[in-house]
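Laboratory data are not the source of any read-out in this text; all were calculated from the coordinates shown. Predicted, not measured: the structure shown is a model, and the values here were computed from it. As a convention, Cβ positions derive from the backbone with ideal geometry for all residues, glycine included, and neighbour counts pool all protein chains shown.
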Amino acid sequence: MEKYLIPLVPGPVSVPREILNVAAQNFGSADLEPEYVKLYLETEALLQQIMRTKNRVVIQTGEGMLGLWTALKSTLLPGDRVLVLSTGLFGEGFADMAKAIGCETRLLAFGYDETFRDFDAIEKAIREFQPKMITMVQNETPSGTMNPVQEIGDLKVKYGVPLLCVDIVSGVGGTPIHVDDWHVDLALGGSQKCLSAPASMSFLAVSDQAWDIVKQVKYVGYEALLPFLTATETAYFPYTPYWQGTAQLKRACELILEEGLDSCIARHEKVAKYCRDRIRKMDLKLYPVEGAICSPTVTAVYVPSALTWKQLDNDLREQGMVVGGNYGCLAGKVFRIGHMGTQANMNLLKEAMDILETVVHDI
Ligand code: PLP
């Protein structure tokens with residue numbers, strides 16, 4: 001495998017040696033040893049700090065999508081109404097998932113290059129549709145945008161919507177997350193983005209109201225939340241926990257909190273602003289429309305018209321730099337610079353922008 005000196009893919013990001021080393025040791029059987037429960041509870045407490053929540057946090061083995069399926073399958077039944085607020089690929093994906101469960105789904109879709117602004121339209125949809133669940137993505141990675149959550153949380157409370165489910169996979173650890181103040185019932189995170197751990201763990205902050213619904217729904221399946229309700233008391237987990245992965249997640253949280261959560265968030269903002277300023281100076285076009293909130297963790301940029309994505313990717317790789325392509329209708333048109341976690345590094349970005357500048361000026 002080729003190794004790139006300038007890795008700027010928007011997850012999985014490069015994992016620091018300190019986190020890699022945690023996995024280079026043997027642990028006992030997590031099913032049998034009480035130390036695993038201790039590790040799990042300690043990791044949960046750190047995640048609660050990072051997500052600013054008192055809610056229980058469930059830690060699962062698996063990457064981000066596992067958390068999304070867990071949240072939906074454990075709280076929804078066929079026929080339940082789900083309002084999907086979307087500004088991008090992952091936002092829209094929630095509609096497909098809810099439909100697959102048999103839910104009555106309403107999609108309120110804004111442009112992929114926008115962030116929520118028309119709160120009247122959102123309020124109207126909530127009032128008319130009276131959903132059991134509202135879904136949204138806080139940081140839409142393919143679009144390089146960040147949606148406000150507070151306003152949606154306030155509407156959830158105003159209209160007594162039972163569940164607000166928010167994908168924070170590429171925002172948690174690099175952007176402000178206020179699960180409790182925002183009234184988020186299911187906050188879904190992953191290890192391989194801003195936390196800079198391997199793509200092995202997902203986690204969900206689950207409100208008391210969501211737990212009540214989980215108990216009513218009683219979903220049984222691989223992604224079931226219910227067994228986690230008592231797992232730490234009984235030391236009985238639904239499947240063999242991944243001790244190394246949990247230990248890496250814990251170390252990742254510690255590194256963020258040692259830096260200081262606010263400083264870490266400020267680092268992401270600073271690097272993202274630098275990246276956007278350099279992109280504009282190169283006469284490249286940012287993907288988000290004017291007035292949309294650009295993501296502090298990933299910058300999405302139109303592929304310059306004189307190049308194909310393949311050429312751009314090749315030219316950058318030749319100089320040791322790798323960025324993200326895109327999916328769906330954005331494939332080939334928009335590329336992404338991932339400056340999250342370890343990659344939110346000013347020196348790395350300076351070098352990267354110099355390389356990008358030479359590549360686009362050579363065309
Ligand atoms: N949600 C968002 C916003 C993402 O960016 C991603 C991955 O890129 C996911 C969910 C899914 O995470 P994973 O690829 O780890 O399953």
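Ignoring lysines fewer than eight residues from Lys310 along the same chain, the ones with Cα atoms less than 19 angstrom from its Cα are Lys3, Lys285, Lys333. Shape class of region 133-228 from the Cα gyration tensor (axes a ≥ b ≥ c, square roots of the eigenvalues): oblate, since a/c reaches 1.5 or more and a/b does not exceed b/c. For region 171-233, the set of chymotrypsin sites (Phe, Trp or Tyr not before Pro) satisfying both a DSSP loop assignment and a count of at most 15 other C-beta atoms within 10 Å is given as Tyr222.
Per residue, the convex hull spanned by the Cα atoms of the chain measures out at 128 cubic angstrom. Taking square-rooted eigenvalues a ≥ b ≥ c of the alpha carbon gyration tensor, is region 70-111 rounded, prolate or oblate, where a/c under 1.5 means rounded and, failing that, a/b exceeding b/c means prolate? Note, shape of region 70-111 comes out prolate. If R0 is 41 Å, the Cβ-Cβ spacing of Lys215 and Met346 corresponds to a FRET efficiency of close to 0.30.
Distance between the 7 Å Cα→Cβ label points at Asp181 and Glu258: 2.7 nm. Beta bridges per DSSP, both residues in region 17-257: antiparallel share near 40 percent. The calculated FRET efficiency for Asp208 paired with Glu357, based on their beta-carbon distance and R0 = 56 Å, is about 0.60. Taking the average, over residues, of other Cβ atoms within 10 Å as the packing measure, peptides 119-126, 347-354 rank 347-354, 119-126 from highest down.
Volume per residue of the convex hull around the Cα atoms, evaluated for region 167-322, comes out as 187 Å³.
Taking a quarter of the surface of the Cα convex hull of region 1-68, what do you get in nm²? Mind dumping the intermediate values first?
Values: hull surface 28.0 nm².
About 7.0 nm², averaged over all directions.
Pairs of lysine in region 17-257 with Cα under 22 Å and at least 8 positions apart or on different chains: total? Summing the qualifying lysine pairs gives 25. Here the relative contact order of region 1-114, from alpha carbon pairs under 8 Å that lie six or more residues apart, stands at 16 percent. Between Lys281 and Glu104, the simple spin-label model (points 7 angstrom out along Cα→Cβ) gives 5.5 nm. Approximating the spin labels as points 7 Å out from Cα along Cα→Cβ, the Asn26-to-Tyr159 distance works out to 5.6 nm.
Pairwise Cα separations in region 158-214 fall into 5 Å bins from 0 onward with the following percentages, short to long: 4, 19, 28, 21, 14, 10, 3, 1.
Taking loop as defined by DSSP and a crowding limit of 10 other beta carbons within 10 Å, which trypsin sites (Lys or Arg not before Pro) in region 198-257 fit?
Answer by residue number: Lys218.
The spacing between region 215-258 and region 132-184, judged by their C-alpha centroids, is 22 Å.
For region 42-193, rounded, prolate or oblate, judged on the Cα gyration tensor with a ≥ b ≥ c (square roots of eigenvalues), a/c < 1.5 rounded, else prolate if a/b > b/c? Cα axes put region 42-193 in the rounded bin.
Given a Förster distance of 25 angstrom, what is the FRET efficiency for Tyr327 paired with Ala306, based on the Cβ-Cβ distance and rounded to 0.05?
On the way: r = 23 Å, r/R0 = 0.92.
Here the calculated transfer efficiency is 0.60.
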